[in-house]
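The values are calculated or read from the model by the stated rules, or taken from the named source; none is laboratory data. If you're wondering where the values come from, they're calculated on a predicted model, not measured in any experiment. Ideal geometry is used to build each Cβ from the backbone, glycine not excepted, and the neighbour counts take in all protein chains shown.
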Amino acid sequence: MSDDNLKNLSKKTAQPLRVAVLVSGSGSNLQVLINAMQATALPIEIVGVISNREDAYAITRAKDAAIPVAILSHVASGKRMGIKTFETHANAQLISWQPDLIVLAGFMRVLSSSFIDNAPAPMINLHPALLPAYKGLDTHQRAIQAGERHHGCSIHVVTAELDAGAVLTQAMLEVRQKEDAASLQFRVQKAEHQLLPWTILLIANGVINLNDQVDDAKTSYLPALPLKLWLDD
Ligand code: GRF
């Protein structure tokens, strides 16, 4: 993330935060943001959605809300895009939308450090585990197999190292006795639907100031990150 991106984000106060969302699947988290935007519960404008899969239901959700969508899953010849081609198109698309914040919500492609460094806005990712535990895939199954008593989801700054950027917020819940991965995934996803809008609200209002990630003097007046939601569902 460049210094200019950080400065631009911190300048935004009165105007809605311009948010671009990257998706790969159902888009239930995107839907939560759309609903919150339409209800003016969040001071955001979703300026565009990029999907790397043409069959993602998230595309329908975006189109139904009249949000611009870019589907970047195939080149004209019908071959699947390589990651470099995807990133070239995605970067140009993001620049044209002029976002203040880029949200990866169920986006299932690993991005290169060059894409992340050259992105036109700070980028955050929603991950279904309590980072730094359980980076990567199959997080619910792995947490159950390890006998974890608590599990949940995290929102972190995207960096070149997978799921390793600064953790901003987490929603935590108790793993139930004899719970299976499907049940845990369902409960964690409900938690995601609270964590994502809450986190974006905190960013939009400057409570989580991504600029302050690099300025310890200012963050000393706020609780240390990550901010945590305990859910009793
Ligand atoms: C979420 O559960 C997220 O944790 C995982 O992918 C899922 C996306 O769900 N990385 P949706 O597309 O927002 O419904």
Matching residues in segment 84-116 - criterion: being under 22 Å from Gln189 (Cβ atoms) and in contact with a Lys or Arg (Cβ under 9 Å, 6 or more places away or on another chain): Leu101, Met108
Which residues, counting only those in segment 37-59, are within 16 Å of the ligand (Cβ to nearest atom), closer than 24 Å to Val207 by Cα and among the hydroxyl-bearing types (Ser, Thr, Tyr)? none
What residue, of Glu192, Glu148, is in a loop (DSSP other than H, G, I, E, B) and among the acidic types (Asp, Glu)? Glu148
When only residues in segment 60-98 that are within 16 Å of the ligand (Cβ to nearest atom) and among the hydroxyl-bearing types (Ser, Thr, Tyr) count, which is modelled with the highest pLDDT? Thr60
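Conditions (1) more than 28 Å from Gly206 (Cβ to Cβ); (2) within 11 Å of the ligand (Cβ to nearest atom); (3) out of contact with any Leu (no Cβ under 7 Å at 6 or more places or on another chain), marked per residue:
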residue: Met123; (1), (2), (3): no, no, no
residue: Ala133; (1), (2), (3): yes, no, yes
residue: Thr159; (1), (2), (3): no, no, yes
residue: Arg176; (1), (2), (3): yes, no, yes
For segment 167-193, pairs from a residue that is in contact (Cβ under 8 Å) with a residue 40 or more places away in the chain to a residue that is exposed (fewer than 15 other Cβ atoms within 10 Å of the Cβ) and among the hydrophobic types (A, V, I, L, M, F, W, C), with Cβ under 6 Å and 6 or more apart or across chains, are Met172/Trp230
Ser183 versus (1) touching a Pro at 6+ places or on another chain (Cβ under 6 Å); (2) over 30 Å from Asp100 (Cα atoms); (3) among the polar types (S, T, N, Q): which is the lone unmet condition? (1)
